[in-house]
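Trainee: Pasting a structure here, questions to come.
The values are calculated or read from the model by the stated rules, or taken from the named source; none is laboratory data. Computed from a prediction, not measured in an experiment: that's the story for all the values here. Glycine gets a Cβ as well: all are built from the backbone with ideal geometry, and neighbour counts include every protein chain shown. Side chains are part of the model used for accessible areas, which takes the heavy atoms of the whole protein and leaves out ligands, DNA and RNA. Shrake-Rupley method; radii C 1.70, N 1.55, O 1.52, S 1.80 Å.
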Amino acid sequence: MRWKRSLALFLLASLAVTAALGASTVFAAKSQLVVYSWWTAGGEADGLNALIQLYTKKYPDVEFVNATVAGGAGTNAKAVLKTRMLGGDPPDSFQVHGGSELIDTWVKTGYMEPITQLYKDNGWLKVFPKSIIDMLSYKGEIYAVPVNVHRGNCLWYNKKLFAEYKLTPPTTFDDFFKVAEKFKAKGIPALALASRTKWEVAHLFEDILLGTGGPKFYNDLFAGKIAWTDARVKKALNTLKKMLDYVNADHATLTWDQACGLVLQGKAAMTIMGDWAKGYFTSNGWKPNVDFGVVPSPGTKGMFVVVNDSFGLPKKAKNRENCLKWLALLGSVEGQNAFNPLKGSIPARTDVPRTPYDPIALATMDDFAKDTLVPSCVHGSAVIDSFASALNDEMGVFVNERNVEATAKRLEQQAKDLGVRQ
Ligand code: GAL
């Protein structure tokens, strides 16, 4: 009898332990936050990691899933994202450019939840610039939180090389070609270029378009009001063609950060790239205005190509509450100032302490406040995705064929076929 009672007690105790263990397993199970981006290169990844650290410190119970797809400007990531979104499996939040990429691709099609209330609750309507909020809005609702503002039209240069040859960084196209000749004579590629994923050439080209035709022409062109066969487009293509005479021979094998690497190693004198290049340089130990400097890309003084990274809340997000906490962090002073000094961008908020920023970032903040702002095409804001990627592809062809007439004609046809021009 006694052994029976002992067995019963043992079984009861085992059940209790199992139940307790089960319960503790349930309590310990972490919920997730899946954040999708293409920030894998030097500077970009550092900025993202700073945000991840902040988030996981604040919310230790949430497992942060850093879902990245490598490839600058999101050329690969955006395609994978489309598959996920259309397949009903969205990440909880994803990197998106304000403007057309957010509004035309995801908001008008009904994939995003408005987050206007978050702006009201946090007093953000007063601290983010109207120009940025407008890029994130549709029919009176706001759909994403801007984590930064990048400047697209920057010419970066190696200070040591310029000092060695007693040259001044060029601010006009004429000066650019004079300086480029000098470097060529010394056997140094003047302009570091990457063309492996094509968008880098399109990035250079949009800066040339702005420098050639000015902001009104640039805006009208991307709005479909000017033909791609216009004389000013051809002038910009001819300038690009001439610039290609001064680039590194191996551009077809390089990505944007590797092209920046040539400047860093003194193997090229300059590069034209957004200020994520600054994030790359500083993450590799270079000091702003000591080892490298920057001027607006030729002909664009007083103009500012806005590249904006934002995050929103997809309708079918599996971890909605965790996403809202993420968005609140991105919009906070703490979040903006943890991210931007590493990323190379300036904060989108205008009320943050300026102390963590290097002198180049401080000058960029001042320029952003007074310059004429234009949206980037290559970085998703100015025009629908399909035309932006058509332009990337055309630039991939141009870099090899260098045929101005044929390229202008094909771009005009693409603009018509894709509904950008009537
Ligand atoms: C841009 C993005 C930047 C930077 C860059 C290179 O499209 O807005 O944050 O990541 O691509 O990858």
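Trainee: Take the alpha carbon gyration tensor of region 207-315, find the square roots of its eigenvalues, order them as a ≥ b ≥ c, and report rounded if a/c is under 1.5; if not, report prolate when a/b exceeds b/c, else oblate.
Mentor: Numbers: a/c = 1.91, a/b = 1.31, b/c = 1.45.
Verdict is oblate for region 207-315.
Trainee: Then there's this: Would you work out if region 34-179 is rounded, prolate or oblate? Take a ≥ b ≥ c from the square roots of the eigenvalues of the alpha-carbon gyration tensor; rounded if a/c is under 1.5, else prolate when a/b is larger than b/c, oblate otherwise.
Mentor: Note, shape of region 34-179 comes out prolate.
Trainee: Return a whole-number percent for the relative contact order of region 84-183, with Cα pairs under 8 Å and 6 or more residues apart as the contact set.
Mentor: Relative contact order here is 22 percent.
Trainee: Ok, one more. Quick check: residue separation of K234 and E141 times 0.36 nm, minus the Cα distance between them. What number comes out in nm?
Mentor: Residue separation times 0.36 nm, minus the Cα-Cα distance, leaves 29.5 nm.
Trainee: Further, regarding this structure: Give, rounded to the nearest 20 debye, the magnitude of the charge dipole that region 263-422 has about its Cα centre when Lys and Arg contribute +1 at Cβ and Asp and Glu contribute -1 at Cβ.
Mentor: Details: 18 positive and 17 negative charges, 76 e Å.
Computed about the Cα centre, the dipole is about 360 debye.
Trainee: A 32 angstrom limit on the alpha carbon distance is what I want to check against. Which of K267/K370; K160/K234; K186/K287 exceed it?
Mentor: As for pairs spanning more than 32 Å Cα to Cα, those are K267/K370; K160/K234.
Trainee: Between rounded, prolate and oblate, where does the chain land on the alpha carbon gyration tensor, with a ≥ b ≥ c its root eigenvalues, rounded for a/c under 1.5, else prolate if a/b exceeds b/c?
Mentor: Verdict is prolate for the chain.
Trainee: Once label points are set 7 Å from the Cα along Cα→Cβ at both D175 and A369, what is their separation, rounded to one decimal in nm?
Mentor: Label at D175, label at A369, 2.5 nm between them.
Trainee: Right, something else. With point charges of +1 on the Cβ of Lys and Arg and -1 on the Cβ of Asp and Glu, referenced to the Cα centre of region 38-181, which listed residue (I103, L118, G152) lies farthest in the positive direction of the dipole?
Mentor: Among I103, L118, G152, the one farthest towards the positive end of the dipole of region 38-181 is G152.
Trainee: Only Lys, Arg, Asp and Glu count, each charged at its Cβ (+1, +1, -1, -1), so figure out the dipole size of region 104-197 about its Cα centre, rounded to 20 debye.
Mentor: 480 debye
Trainee: So what's the Cα pair-distance distribution over region 111-169, bin width 10 Å, in %?
Mentor: Using 10 Å bins, I get a P(r) of 18, 35, 14, 13, 15, 5 for region 111-169.
Trainee: Calculate, for T109 and V333, the FRET efficiency according to 1/(1 + (r/R0)^6) with r their C-beta to C-beta distance and R0 25 Å; round to the nearest 0.05. It would help to have the intermediate numbers written out before the result.
Mentor: Values: r = 33 Å, r/R0 = 1.32.
Efficiency computed from Cβ-Cβ geometry: 0.15.
Trainee: Against the longest principal axis of the chain, how steep is helix 320-331, in degrees 0 to 90 to the nearest 10, with axes from Cα atoms?
Mentor: 40 degrees
Trainee: Still on this structure: Looking at this model, which pairs from K126/K159; K166/K241; K30/K139; K58/K120; K78/K316; K159/K343 are more than 29 angstrom apart at the alpha-carbon?
Mentor: K126/K159; K30/K139
Trainee: Which three extents, in angstrom, do the Cα atoms of region 267-329 have along their principal axes, listed largest first?
Mentor: Its Cα atoms span 48, 29, 19 Å along the three principal axes.
Trainee: Which whole-number percent is the relative contact order of the chain (Cα, under 8 Å, 6+ apart)?
Mentor: 27 percent
Trainee: Rounded to the nearest whole Å², what accessible area per residue is found for the chain with the 1.4 Å probe?
Mentor: Ligands and nucleic acids excluded, the figure is 42 Å² per residue.
Trainee: What percentage of the solvent-accessible surface of the chain, computed with a 1.4 Å probe over protein heavy atoms, is contributed by carbon and sulfur atoms?
Mentor: Of all accessible area on the chain, carbon and sulfur atoms account for 56 percent.
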